[in-house]
Number of protein chains: 4
Amino acid sequence: MTSNSGTNSTSPTDAETACFEAGIKFGTLYHQFAGTPVSPASAASLERAIEDAIENQPYCESVSVAILADELDAAIDHGYTELTGRFMEVELVVEYEEHRVTARMAMEEGYPRMRVASIETLD
Amino acid sequence: MTSNSGTNSTSPTDAETACFEAGIKFGTLYHQFAGTPVSPASAASLERAIEDAIENQPYCESVSVAILADELDAAIDHGYTELTGRFMEVELVVEYEEHRVTARMAMEEGYPRMRVASIETLD
Amino acid sequence: MTSNSGTNSTSPTDAETACFEAGIKFGTLYHQFAGTPVSPASAASLERAIEDAIENQPYCESVSVAILADELDAAIDHGYTELTGRFMEVELVVEYEEHRVTARMAMEEGYPRMRVASIETLD
Amino acid sequence: MTSNSGTNSTSPTDAETACFEAGIKFGTLYHQFAGTPVSPASAASLERAIEDAIENQPYCESVSVAILADELDAAIDHGYTELTGRFMEVELVVEYEEHRVTARMAMEEGYPRMRVASIETLD
């Protein structure tokens, strides 16, 4: 592990790995589905498919996607638009070893910000 | 239109435009959703979301996606896999002006082959 | 071929197949790369990769992608943005049998419009 | 923050956030580019574009992508294939506050495994 030679270099803790796994799920979710043609009529099936797809990934306990109907309506003038961050809010839960990470995505200052909301220790 | 100067250069007919539109839908469908984590449990919601998403696009009358359960089962040894051409069959119908194009995707010789199946003239 | 039973149903001509193939390339190009993080500094390598990737596809003779620097600059306020139709113009050429199709994508009325520009007969 | 009410629930440390950010980059990289048509001739421009694209993301210091020529050659029998995990190895570095996370992706038991390799404290 050549880049790992510093005296202050460590392997990740289980909680850090849990956070890394939560990040993978968010990057996957966003970049797999960004660009999907979406309309008010197709939003519900897309929400469900995103949730089910990401829940397949390792350590992923649950995913909840809300496509924002009002934001979508405001943006559409050709019957549909492309899915992007400003049209959805997401919460997902990853469990790795004894750690449960809850992470969320929502718009902040015009940018879809992904954050770790909390880390809990499971009994 | 510099590349259009040959004496044998023509604008597309409506039937040719209908075929172009059908091709767009197939390229969209395949490359938007290829790579999606998929399992037998999540296949149905993904089929539905793909159909609904692509039906949003202009001139697209219907899309039918079948994720192939047996192919999926055979490929999975970590609980899920990534969606790719060998796991799905697709039929879609585009109508442009008085033309209806039916196009299909299925595996041929190890390659997901997309074809125009028929062009019909609508009354 | 159950949906093909009408008396007015035909198989595609070579020119129609050429247009279908051109459509596939456009759908692929757009939905594979929409959502990619892009900045003025990374635009050139992305243009090149898109061109080279799509030129791999069957019957695709050439692809030219221009990421629009001014549009990109105007949209960026966090250092980068996501690639979408309003940031690029594309021309591609497909040759199938004796037909050469030139197709283009550019913004029209706020929507990334893909069109067949011309069909030429090759000698 | 309703799901955050347990007595054992905490906010992430800076090192945990750094790992979350590294995970986002990996999920983005994989699911943005999986499915891209790739051949030995186009691999170099795709490597470069992936690196440049992901380096745009917040806190991402460097990305190194190697598309594996031998694996690609072995898989290709129609001139090209689709990019997927077994054709690439990736190392990326994220710096968040005083933490540098190095993470890697490579195949393990037939699955593209993403791991945090090390966490270093910056002076």
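All of the numbers you see were taken from the coordinates with simple rules; none came from a lab. Owing to the predicted nature of the structure, the values given are computational and were not obtained by experimental measurement. Note that we place each Cβ from the backbone using ideal geometry, even for glycine, and neighbour counts take in every protein chain shown.
Label-point distances for D:MET107 to the equivalent site in the other copies, using a point 7 angstrom along Cα→C-beta, read 1.8, 4.3, 4.3 nm when ranked shortest first. A crude spin-label estimate for the pair A:GLU61 and B:ALA41, with each label 7 Å from Cα along the Cβ direction, gives 1.5 nm.
Across every pair of different alpha-carbon atoms, what Kirkwood hydrodynamic radius in Å does the stretch C:14-121 reach? Numbers along the way, then the final one.
On the way: mean 1/r = 0.0703 Å⁻¹.
Hydrodynamic radius (Kirkwood, Cα only) of the stretch C:14-121 equals 14.2 Å.
For the rotational copy relationship between C and A, the axis lies nearest to a chain C beta carbon, identified with its distance in whole angstrom as C:GLY35, 2. Remark: label point of B:ASP77 defined 7 Å out from Cα along the Cα-Cβ vector; separations to the same position in other copies 2.0, 5.2, 5.4 nm, ascending. Taking 7 Å steps out from each Cα toward its Cβ at A:MET107 and A:ASP123 produces label points 4.2 nm apart. Between helix C:43-55 and chain C there is an angle of about 20 degrees, using the helix long axis and the longest principal axis of the Cα atoms. In chain A, the sites counted are GluC sites (Glu not before Pro) in DSSP loop states with at most 14 other Cβ atoms within 10 Å, and the longest stretch holding none of them, exclusive of the sites, is A:1-96. For A:LYS25, the lysines whose Cα falls under 25 Å of its own Cα, not counting residues fewer than eight places away in the same chain, are D:LYS25.
A cut-off under 9 angstrom between Cβ atoms defines the neighbours of D:VAL63, and their net charge, with Lys, Arg +1 and Asp, Glu -1, is -4.
Under 5 Å between amide hydrogens, built in the peptide plane, is the criterion, and for A:MET107 it picks out A:ARG113 among residues at least 5 positions away or on other chains.
Sequence-distant contacts, meaning Cα pairs under 8 Å at least 6 residues apart, place the relative contact order of chain D at 25 percent.
Each copy carries a label point for A:ALA66 at 7 Å from Cα toward Cβ; from one copy, the others' points are 3.9, 4.3, 4.6 nm away, ordered from shortest.
To the nearest whole percent, what portion of all C-alpha pairs in the protein assembly as shown is separated by more than 43 angstrom? Taking all Cα-Cα pairs of the protein assembly as shown, the fraction more than 43 Å apart is 14 percent.
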